[in-house]
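Report on one structure; see the data block that follows.
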């Protein structure tokens, strides 16, 4: 133990160490400030040229230097909402099964497996979607949807496979693990007595889950859903690979679309001209602001349920 | 006649209506169905990766650089090396910064306003879409250097590693009992020495878990590399030159029209996923041995 005590002039070393650590902490703050600074300064050209109208114009014409982000905003919102419609019931079902129904020996394995879904990189989902999901959609799902639900107008037109529907489905697969792991976390935070109390009143297991667990955890589950939304909004690669990348607004989910993240991915490194680049950065700035707000709301909702319970590792 | 008092025991025998029992059954079946439906794509992704990938992995794939479009043969050796190179650059910046910020949060910033601000900022940074990080690294590094580079890719990935490492390091250090620190102080050990040699050491396996999770998260990132590392069909070991990366190569090959490249994309994806699953698996192994050495 002697070497620990003798080492160096401890007061000066303590001060130096403190400043080094606080510098590391500051760097986190600096990174976020830098992000905001970069996005704001680099998009100012486009902001001055188009103002608020930028987000309501649907013209995207690099040749004539006319830019409007409406098709991208539309594509981002529609693909994300579609993803949530598919993912939320599945994710909650998985969370309910793992926390309330599964035998103990299966619990850990299932939790690990669903989290493995989150570890697969976006580009691999995209690869799989191009060569497996899209052909399946084209051959089976899309003709079926067109035949039985074509009258809604949402499933019209030629079944390319590639398009908004494919993007929504692949996004759904990607956000399920996020939503279900948060839902699991908040359901676990509901006190055990709550369950026992409801069961003692003669409830069936489902009634216990509905009134005793889900009702208490609903704010946190909502938080998980919104966190999934944040992920879906900013997701880039898999969407870029299957959405079709055409800046059009179509009612049919079979039609190709474009999202804010994928237009940046596709056009940023080839953008010639200052206004073109600036317009792309402005799309990025809008995406940044929206995802930040969505994430903060989500974290607040999760916190309202899990506060008071001891912090758990997310590993 | 006085009404009969119902005791809980009487309810126990009361039959649960068919409707309630039926609903309970239906919901249980639906939950199991949801689990199966979620496991299906997972199985399909891994199944296809192995099925399509194994056939295309051979010695040439692992040792050669890409052939011109459409020509058979060639490999991704430069992309595999490029990914490792970029990840090393990213880790050398992101890991110390993240651990340092985590130490600040748990050892100095506990309960202070500034500490809360940093913690909040780290959580915000965690939610920033990766493509945005790419734009920023482009502005910071690519524009000032004048061209795409391995360094720019490394900076982008480092930015993405920091918040994960910061938050797990903080959580792990908070698990170390206060008494351990006090014991060190009591022996006359200075504060910085206590933090590094006692507190951080006790939490080593937990901190490593955080680092590996961050590593696994950025290893497959593609979006932030598109206009930073940019990709390269040849070898490159210079920090300031465009560099190939496995994820970028998979993307380029997947959207190309050549069958030969599609096969290689599957092979590259298999190698990438093995790398990631191995590191996540290692984390599980470490985590299951307990987050803390000695304590608990």
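Where a number appears in this text, it was derived from the coordinates with a stated rule and is not lab data. Everything numeric here is computed off the predicted structure, so don't read it as measured data. Neighbour counts run over all protein chains shown; Cβ positions are idealised from the backbone, glycine included.
Quick notes
- Residue B:282 versus residue A:211: modelled label distance in nm, points set 7 Å from Cα along the beta carbon direction: 5.1 nm
- Degrees, to the nearest 10: B:204-219 long Cα axis against longest axis of chain B: 60 degrees
- With bins 10 Å wide beginning at 0, the percent of Cα pairs of the protein assembly as shown falling in each bin runs 3, 15, 24, 26, 18, 9, 4, 1, 0, 0.
- Of A:252, A:181, the sequence from fewest to most neighbouring Cβ atoms within 10 angstrom is A:252, A:181.
- In terms of other Cβ atoms within 10 Å, A:17, A:56, B:46 run from fewest to most in the order A:56, B:46, A:17.
- Taking only Cα atoms of chain A, radius of gyration then Dmax in Å: 24.1, 82
- Mean residue ellipticity at 222 nm, helices only, chain B: -21000 deg cm²/dmol; runs of at least 4 DSSP H residues each add -39,500 (n - 2.57), and the sum is divided by the number of residues.
- Exposure proxy for B:106, A:262: other Cβ atoms within 10 Å of each Cβ, ordered fewest to most, give B:106, A:262.
- Across peptide A:233-243, the average count of Cβ atoms from other chains found within 10 Å of a residue's Cβ is 4.
- Helix axis angle, B:259-288 relative to chain B longest principal axis, alpha carbon, degrees: 50 degrees
- Shielding by other protein chains, A:145-156, mean Cβ within 10 Å: 0
- The share of alpha-carbon pairs in chain B lying farther apart than 33 Å comes to 44%.
- Structure-based [θ]222 nm, chain A - -39500 (n - 2.57) summed over DSSP H runs of at least 4, per residue, nearest 500: -22000 deg cm²/dmol
- Test item: B:268-278 mean partner chain Cβ contacts at 10 Å: 3
- Residue of A:106, A:117, A:154 that the Gaussian network model of chain A assigns the largest fluctuation, springs spanning Cα pairs under 10 Å: A:106
- Acute angle (nearest 10 degrees) that the helix B:150-175 long axis makes with the longest principal axis of chain B, alpha-carbon atoms: 30 degrees
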